[in-house]
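The values are calculated or read from the model by the stated rules, or taken from the named source; none is laboratory data. Everything numeric in this text was worked out from a predicted model, so none of it was measured. Please note: Cβ atoms are built from the backbone with ideal geometry, for glycine as well, and neighbour counts cover all protein chains shown. With ligands, DNA and RNA removed, areas are computed over all heavy atoms of the protein, side chains included. Shrake-Rupley method; radii C 1.70, N 1.55, O 1.52, S 1.80 Å.
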Amino acid sequence: QVQLMESGGGLVQPGGTLRLSCAASGSIFSIDAMGWYRQAPGKERELVALITSTGTTNYADSVKARFVISRDNAKHTVYLQMNRLKPEDTAIYYCNADLGGNAGSLWGQGTQVTVSS
């Protein structure tokens with residue numbers, strides 16, 4: 001079956017930069033929208049950024065002008081470039097892929113992002 005593998009999380013100082021990636025592998029017929037979500041302790045999981053199969057993007061207001069989502073359809077990979085990071089960006093970041101049709105969607109295992117001085 002299809003699986004998502006995330007990488008790129010870690011510790012960074014405020015104002016720093018981090019780039020996350022998530023690659024889908026397995027028996028892939030198609031992938032529609034892909035997105036990044038995050039969840040901090042005691043908080044609900046929230047959508048950070050979304051990108052469609054044709055490249056249309058949407059961002060949460062809190063990350064607009066700082067984060068950039070992109071994808072490589074040939075590699076079935078979605079990226080999240082995070083710039084000017086703030087302590088409030090600290091969370092576990094999850095990628096999500098909509099497999100289309102009746103296949104539903106799936107989640108990655110999550111990667112920790114910590115912004116601290």
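Here is the figure for segment 39-73: residues that are under 12 Å from the mean Cα position of the chain (by Cα) and at positive phi total 0. Residues in segment 89-117 that are over 16 Å from the mean Cα position of the chain (by Cα) and open to solvent by less than 30 Å² (accessible area, probe 1.4 Å): how many? So the answer is 2. For segment 21-47, residues that are of a type in the set (Gly, Ala, Ser), touching a residue at least 40 places away in the same chain (Cβ under 8 Å) and open to solvent by 50 Å² or more (accessible area, probe 1.4 Å) total 2. If the condition is being open to solvent by 30 Å² or more (accessible area, probe 1.4 Å), in contact with a Phe, Trp or Tyr (Cβ under 9 Å, 6 or more places away or on another chain) and closer than 18 Å to residue 71 by Cβ, then segment 4-20 contributes 8, 19. Within segment 75-82, can one find any residue that is over 13 Å from residue 96 (Cα atoms), surrounded by 15 or more Cβ atoms within 10 Å (Cβ to Cβ) and either modelled with pLDDT of 95 or more or out of contact with any Asp or Glu (no Cβ under 6 Å at 6 or more places or on another chain) (or both)? So far as segment 75-82 goes, yes, one or more of its residues are over 13 Å from residue 96 (Cα atoms), surrounded by 15 or more Cβ atoms within 10 Å (Cβ to Cβ) and either modelled with pLDDT of 95 or more or out of contact with any Asp or Glu (no Cβ under 6 Å at 6 or more places or on another chain) (or both). From the list 4, 18, the one residue that fits, being in contact (Cβ under 8 Å) with a residue 60 or more places away in the chain and closer than 17 Å to residue 106 by Cβ, is 4.
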